[in-house]
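The values are calculated or read from the model by the stated rules, or taken from the named source; none is laboratory data. Keep in mind it's a predicted model, so treat the numbers as computed, not measured. Here the Cβ positions follow ideal geometry from the backbone for every residue, glycine too, while neighbour counts run over all protein chains shown. Side chains included, ligands, DNA and RNA excluded: accessible areas come from the protein's heavy atoms. Shrake-Rupley method; radii C 1.70, N 1.55, O 1.52, S 1.80 Å.
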Amino acid sequence: MKKIFYVLFFAALFITSLAANAQSSPVKWTAEIEADGPDAGTIVFHGTIDEGWHIYGLEMPADDPFAPDPTNVELAANLEATGALTADREPAMHNDEQQGSTMPWFLGEVELRIPFKVIESTGKVEGSLNYMACTEQACTPPAHFDFSLPFGEAAAAAAPVAEAGAPSAELTALSPLWAPVDVATETTSQSFWGLLLFGFLGGLVALMTPCVWPMIPMTVSFFLKKSKSRRRSIIDAVVYSVSIIVIFLVLGIALTLIFGPGKLNEIATGALFNLIFFALLVFFAISFFGAFEIRLPSKWSSAVDARAENTTGMLSIFFMAFTLVLVSFSCTGPIIGTLLVEAFSQSNLLGPLLGMGGFALGLALPFGLFAFFPSMLKELPRSGSWLNTVKVVLGFVELILSLKFLSVADLAYGWRILDREVFIAIWIVLFILLGMYLLGKLRFSHDGPSDHTPVGRFFLALASLSFAVYLLPGLWGAPLKAISAFAPPLYTQDFNLYGGTFEEYDDYDEGMAVAARDGKPVLLDFSGYACVNCRKMEGAVFDNPAVRSIIEEQYVMIKLMVDDKAKLPTPMVVEEEGQIMRLTTVGERWAYLQRHKFGINSQPYYVLLDNNGKPLNAPRVYDEDLSAFVGWLEEGVEEYKK
């Protein structure tokens with residue numbers, strides 16, 4: 001337990017040093033070719049790994065499903081590997097605390113080799129070396145070293161070595177329409193305030209879960225017993241609350257700095273990430289319904305609790321806060337997971353900080369209030385059947401929210417297994433079942449006998465069943481603005497009696513060419529499948545008849561999804577902040593366009609452009625003010641006519 005305390009105590013120092021080194025790669029690579037003829041050879045990679053860092057071996061334990069990907073090479077389509085990737089030595093086996101098992105590591109200098117043959121000559125040998133760099137405490141996101149080396153007749157006229165960070169690959173030529181512009185963009189403070197509020201409400205919900213509620217009298221009693229002085233008890237309660245906030249903030253800061261803002265949206269929209277959270281929420285829901293109980297090993301919480309009892313001063317209060325975090329895990333885990341996904345989708349460093357800070361504040365604040373006013377504790381209802389009802393209702397909420405994560409992966413990869421009407425149909429069934437449970441018509445194994453329906457449950461059932469009825473028209477294409485932030489977009493609706501869609505271009509260059517041909521300005525919409533605020537804007541603003549009429553008659557609309565996982569026919573090679581980047585998906589391409597041209601990386605983001613790619617007025621971000629949006633569109637038309 002001392003290790004846990006010291007890790008958290010020095011977390012701020014560690015994270016600061018991590019941030020300071022975040023911009024420089026801990027592994028430096030060079031590549032060269034040893035030719036074996038005009039159409040075959042061996043690519044040789046020379047890696048220099050910074051002290052304290054390691055990369056993983058070329059093969060990982062087959063019996064560990066959570067092992068990271070091994071170091072590997074991907075060759076361009078015109079090449080074929082004629083053998084396996086090999087190293088100049090066997091990797092050392094280390095007990096990896098990050099993975100909890102023994103893993104192969106490379107330290108210091110390493111040389112990797114892979115033989116190849118040319119299927120179709122392009123004068124170049126291209127591809128990427130994929131790896132992950134780690135210390136004993138943390139890892140960088142999965143990285144890749146892109147190489148482009150002349151081969152064949154072109155080799156004699158070019159340098160043989162490609163260095164990481166140097167423009168080794170030929171940069172993709174960009175259209176003048178991609179040229180950077182100076183824009184004054186509104187802030188997204190409203191989104192940040194919304195995320196903070198979302199986290200705070202999540203903390204309050206966590207307070208009412210069966211894992212946390214029984215700890216209220218125990219922890220407040222702990223505060224009051226520590227000192228006969230009321231003033232001292234109040235100080236202890238404040239320290240306890242602050243400790244909870246610090247623990248959750250350290251988690252948020254660590255996740256933010258490890259992944260970085262450029263990777264947050266990629267993580268939040270990745271199929272694996274969303275499918276894991278979908279499965280976790282379903283797993284927790286089944287547990288909340290009473291199929292089984294989720295508990296952390298009892299020795300963990302017992303050891304922390306014993307340390308809290310045996311220590312004195314501020315340290316004991318910190319351990320009490322740590323006990324709360326451990327004991328409440330099975331109930332707060334799904335809430336925190338949902339919160340972090342929403343925070344990641346903001347693509348901003350502040351997202352996880354605000355989300356986790358709001359959650360910790362919502363969870364910690366009541367404990368401080370009970371310590372200030374101990375008499376309030378006597379008025380609290382005791383644990384009982386009502387807590388079981390809360391748990392089952394949370395189970396339904398977990399199932400309802402789980403579909404959002406499945407939908408994000410479905411949209412990003414174009415699987416089309418959860419179109420809008422399927423999503424809405426499942427929600428209708430879940431809300432009906434929730435209403436039946438609240439009325440006592442549906443019971444689970446751990447529900448006690450009940451011969452009447454309490455008034456509170458009746459009104460909650462009324463709300464749930466009424467909402468199910470509200471959702472029904474959505475099966476035939478009704479906009480359903482109340483769920484626009486969660487449901488799949490309207491264009492995925494197979495059977496639509498309401499209309500409500502208009503022509504949009506999903507390619508920037510194609511849309512700009514159409515606008516120039518038709519003599520119209522462009523409404524450029526940077527959006528995302530996982531962007532909740534994008535769906536809100538579509539439901540509250542773009543579905544409005546006045547807005548729709550202006551766009552259809554006066555503009556060419558281009559909507560670019562920055563998290564589209566479709567592969568580009570030909571990867572783009574671009575330079576950004578002195579680094580060579582290889583863009584392989586459609587989403588990466590449009591995300592780069594937004595950063596390169598407008599210097600911003602958040603969605604939704606709306607820009608009105610003339611036919612030369614120049615802004616007509618100031619861009620807009622998330623803001624549901626309908627009249628302001630209409631005025632903005634009309635202003636753009638007037639500026640275009642000038």
For Ala482 and Ala463, compute 0.36 nm times the residue count separating them, minus their Cα-Cα distance, and round to one decimal in nm. 5.5 nm
Nearest-0.05 FRET efficiency for Thr122 and Ser627, computed from C-beta distance (R0 45 Å): 0.25
Where a ≥ b ≥ c are the square roots of the eigenvalues of the C-alpha gyration tensor, would you call region 510-557 rounded, which needs a/c under 1.5, or, failing that, prolate if a/b is larger than b/c, or oblate? oblate
So if the hydrodynamic radius of region 594-636 is defined as the Kirkwood radius over C-alpha pairs, what does Stokes-Einstein give as its diffusion coefficient at 25 °C and 0.890 mPa s, in µm² per second? 219
Zone reached by a paramagnetic label modelled 7 Å from Leu472 Cα along Cα→Cβ, restricted to region 422-439 with backbone N below 12 Å, covers none
To the nearest 0.05, what FRET efficiency results for Arg89 and Asp36 with a Förster distance of 35 Å applied to their C-beta separation? 0.95
Between region 443-479 and region 590-630, how far is it from one alpha carbon centroid to the other, in angstrom? 41
So, with a 1.4 angstrom probe, what is the percent of accessible area on region 509-642 that is carbon and sulfur? 47
As I understand it, the dipole of region 492-607 uses +1 on the Cβ of Lys and Arg and -1 on the Cβ of Asp and Glu, about the Cα centre. Which of Gln493, Ala516, Pro604 lies farthest toward its positive end? Pro604
For the residue pair Asp447 and Ser101, what label-to-label distance in nm results when each label sits 7 Å from Cα along the Cα-to-beta-carbon direction? 4.1
With a Förster radius of 41 Å, plug the Cβ-Cβ distance of Ile426 and Glu109 into 1/(1 + (r/R0)^6) and report the FRET value to the nearest 0.05. 0.15
I want to check the label-to-label distance for Val455 and Ser175. Put each point 7 Å from Cα in the C-beta direction and report it in nm to one decimal. 6.5
Simple label model, 7 Å out from Cα along Cβ direction - Lys567 to Phe495, nm: 3.6
Hey, what's region 503-642 come to in accessible area per residue, 1.4 Å probe, Å²? 39
With an 8 Å Cα cut-off and a minimum separation of 6 or more residues, compute the relative contact order for region 484-642 in percent. 27
In what sequence, highest mean first, do 449-462, 601-614 appear when ranked by Cβ atoms within 10 angstrom? 601-614, 449-462
List every residue whose amide H lies under 5 Å from the amide H of His94, counting only residues 5 or more places away in sequence or on a different chain, with H placed 1.01 Å from N in the peptide plane. Met103, Trp105
Going by average Cβ neighbours within 10 Å, how do the peptides 504-513, 432-441 rank, with the highest at the top? 432-441, 504-513
